[in-house]
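Everything on this sheet refers to the single structure shown next.
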Amino acid sequence: MLFALALVSLAVWIGLLFAHGGFWRCDQRLTPAPAPMNWPRVAVVIPARDEAETIRDVVASHMASDYPGQLDVFLVDDGSTDGTAEAAGAGATTGARPFHLVAAPPLETGWSGKLWALNAGLSAAKDAAPDADYLLLTDADILHGPSLLQGLVARAEKKTLALVSVMARLDGRGFWGGLLIPAFIFFFQKLYPFPRVNDLGSRTAGAAGGVVLLRRDALDEIGGIDAIRGALIDDCALAAKVKRGPPARAIELVLSDEAARATSLRDNRAFASIRKMIARTAFTQLDHSAWKLAGAVAGMVLVYLVGPAALLTWPLHGNDAAALAGFGAWLAMMIAYAPTLRLYDRPALNGVALPFAALLYTAFTVDSALQHWRGEGGEWKGRTYPAS
């Protein structure tokens, strides 16, 4: 039995390496594109709730953008109590771009807080910048490089993309950040293989909500942000709506690098903060299904834990074939993980710890389900969004 399980684990990893869209290569980047004849107007919409710690620098980064076209920045203060609006205003004084401070109205039933705030910002942008062809939807903790928007728009114009998203570089400092953040990026790429997202012929759709450049007409075609009003995994829900249409539209999802510099200012050094980030939406990803949860747990054990266990317990069971298959699965796992570790300036040898990270993420997912069953699912920024 142990040999059979280890062999299945090895087979899964061979399949992931050669038949899952090359997700693990980390090669999807914002390649340079020629400047368009005329740079379209862009409206930046930033929903913010109690983000005083980061919002000044974030707003300042948008005000300092070297985008050649007209750029308006809309900051939506969603009931903050920590001075977010004042800090955002201070950041706005660092540049000459038009800055609009919008107060989100009280949250309506059926909406997630972020999308409700986005909706308020989009409404304000429609009034103040009605001729904006693009909307840059971004988070209040994402610092943008000066040339990021220019690169996004040039790429979208060249390839007629309806949506371009950048997976921002997350904070991977400290023991827990170093262990869990590269693993998060790896799991995300496995769940939404970027090459398939970027292939119009594939139904796979995904986005990273920290940086989403969206054509305004594409948003109108899907019925506005109202079409995903209650989504907690709103970035991927939006990408799916836009890509699948009708009409079907091309989208791209890329990784942050020097050409597309987007950096999260969220501190991930504490174990609890990472656990909370994952537990918030993990059970939502499984459609709140106990059966899917059981399948996910079994799958994580088979794929990430069986191989290492078969090898490490070799002195106990003495099954050479099982140990060899386990070694092969663990080695394939490390090969697949190495590019993501390199992206985060970590040695490939750190891949030996991926099974431990996978075990913790499995625990986070179970925790997410328990929170949901207690009526505490989707808690974020003082709000809870139990499934209807």
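Return the distance in nm (one decimal) between the two label points of a simple spin-label model at E53 and T93, each offset 7 Å from Cα along Cα→Cβ.
Placing both labels 7 Å along Cα→Cβ, they lie 2.4 nm apart.
Ignoring GluC sites (Glu not before Pro) that are buried or in helix or strand per DSSP, and keeping those with at most 14 other beta carbon atoms within 10 Å, what is the longest stretch of the chain between them?
109-257
Please list, ordered by chain and number, the residues whose modelled amide H lies under 5 Å from the amide H of V76; skip anything fewer than 5 residues away on the same chain.
The answer is I46, A48, V102.
Within the range 1-36, list the chymotrypsin sites (Phe, Trp or Tyr not before Pro) lying in a DSSP loop whose Cβ has at most 15 other Cβ atoms in a 10 Å radius.
Those that pass, being in a loop and sparsely packed, number zero.
Taking R0 as 45 Å, what FRET efficiency do you get between E376 and N38 from their Cβ-Cβ distance, rounded to the nearest 0.05?
On the way: r = 50 Å, r/R0 = 1.11.
Calculated value: 0.35.
Give me the distance in nm between label points sitting 7 Å out from Cα along the Cα-to-Cβ direction at A270 and H288, one decimal.
2.8 nm
With θ set to phi - 60° and the Karplus curve 6.51 cos²θ - 1.76 cosθ + 1.60, what are the ³J(HN,Hα) couplings of the range 257-274 in order, to the nearest whole Hz, using x for Gly and Pro?
After applying 6.51 cos²θ - 1.76 cosθ + 1.60, I find 8, 5, 7, 9, 7, 9, 10, 7, 8, 5, 7, 10, 6, 8, 4, 4, 5, 6 Hz.
Multiply the residue separation of L191 and I335 by 0.36 nm, subtract the distance between their alpha-carbon atoms, and state the gained length in nm to one decimal. Write down the numbers at each step before the final one.
Working: separation 144, 0.36 × 144 = 51.84 nm, distance 1.77 nm.
Taking 0.36 nm per residue and subtracting the Cα distance, the gain is 50.1 nm.
Per residue of the chain, what 222 nm ellipticity follows from adding -39500 (n - 2.57) for every DSSP H run with n ≥ 4, rounded to the nearest 500? Walk me through the numbers before you get to the answer.
Numbers: 16 runs with 185 residues, N = 388.
It lands at -14500 deg cm²/dmol.
HN-Hα J couplings of the range 201-210 from phi, Karplus 6.51/-1.76/1.60, θ = phi - 60°, integer Hz, Gly and Pro as x?
x, 9, 7, 5, 9, x, 7, 10, x, x
Name the residues whose placed amide hydrogens come within less than 5 Å of the amide hydrogen of L30, ignoring near sequence neighbours (fewer than 5 apart) on the same chain.
Under 5 Å from the amide H of L30 lie the amide H atoms of L255, each far enough along the sequence or on another chain.
Two decimals, Cα atoms only, Kirkwood Rh: what is Rg/Rh over the range 36-123?
On the way: Rg = 13.5 Å, Rh = 13.4 Å.
With Rg and the Kirkwood Rh in hand, the quotient comes to 1.01.
If you take the beta carbon distance between D320 and A248 as r and set R0 to 51 Å, what does 1/(1 + (r/R0)^6) give as a FRET efficiency, to the nearest 0.05? Let's see the in-between values first.
Numbers: r = 51 Å, r/R0 = 1.01.
Efficiency, from the Cβ-Cβ distance: 0.50.
Between K126 and A11, what length comes free when the chain is fully extended (0.36 nm per residue of separation minus the Cα-Cα distance, one decimal in nm)?
36.2 nm
Over the range 46-101, with the other protein chains present, what is the accessible area per residue in square angstrom, probe 1.4 angstrom?
Ligands and nucleic acids excluded, the result is 38 Å² per residue.
From largest to smallest, what semi-axes in whole angstrom does the range 229-388 give when each is the square root of 5 times an eigenvalue of its alpha carbon gyration tensor? Show your work: numbers first, answer last.
Working: eigenvalues 203, 101, 59 Å².
Rounded to whole Å, the semi-axes are 32, 22, 17.
Over the Cα atoms of the chain, what radius of gyration and what Dmax do you get, in Å?
Expressed in Å, the Cα Rg and Dmax of the chain come to 21.6, 72.
Based only on Cα atoms, what Rg/Rh ratio does the range 283-353 have, Rh being taken as Kirkwood's radius? Can you show the working numbers first?
Values: Rg = 15.1 Å, Rh = 13.8 Å.
My calculation of the ratio gives 1.10.
Only bridges whose two residues both fall in the chain count here: according to DSSP, what percent of them are antiparallel, nearest 5?
The answer is about 35 percent antiparallel.
Give me the extension gain from R203 to R29: residue separation times 0.36 nm, minus the current Cα-Cα distance, reported in nm with one decimal. The partial results should precede the final answer.
Details: separation 174, 0.36 × 174 = 62.64 nm, distance 2.02 nm.
Roughly 60.6 nm would be gained on extension.
Among all lysine pairs in the chain that are eight or more places apart or on different chains, how many have alpha carbons less than 20 angstrom apart?
Lysine pairs meeting both conditions in the chain amount to 10.
Can you divide the C-alpha Rg of the range 47-88 by 2.2 N^0.38 Å and report the result to two decimal places? Provide the component values of the computation, followed by the final result.
Numbers: Rg = 11.1 Å, N = 42, 2.2 N^0.38 = 9.1 Å.
The value comes to 1.22.
Only sites in a loop by DSSP and with at most 15 other Cβ atoms within 10 Å count here; which trypsin sites (Lys or Arg not before Pro) in the range 162-255 make the cut?
On the way: sites: R169, R173, K190, R196, R203, R215, R216, R229, K241, K243, R244, R249; in loops: R173, R203, R229, R249.
The qualifying sites are R173, R203.
For the range 137-271, which whole-number percentage of the solvent-accessible area (1.4 Å probe, protein heavy atoms only) is attributable to carbon and sulfur atoms? Numbers along the way, then the final one.
Numbers: 2470 of 4700 Å².
Carbon-and-sulfur percentage of accessible area, whole number: 53.
So what are the ³J(HN,Hα) numbers for the range 9-21, from phi and the Karplus equation (6.51, -1.76, 1.60; θ = phi - 60°), rounded to whole Hz, Gly and Pro as x?
Here the 3J(HN,Hα) series is 4, 4, 4, 4, 5, 5, x, 5, 6, 10, 9, 10, x Hz.
Just grab the label-to-label distance for A103 and E258, each label 7 Å out from Cα along the Cβ direction, in nm (one decimal).
4.6 nm
Over the alpha carbons of the range 114-180, what is the largest minus smallest coordinate on each principal axis, giving the biggest first in Å?
Principal axes ranked by extent give 47, 31, 20 Å for the Cα atoms.
The values are calculated or read from the model by the stated rules, or taken from the named source; none is laboratory data. Computed from a predicted model, the values in this text were never measured in an experiment. A quick note on method: Cβ atoms are made from the backbone with ideal geometry, for glycine too, and the neighbour counts reach across all protein chains shown. Note: areas computed on protein heavy atoms with side chains; ligands, DNA, RNA excluded. Shrake-Rupley method; radii C 1.70, N 1.55, O 1.52, S 1.80 Å.
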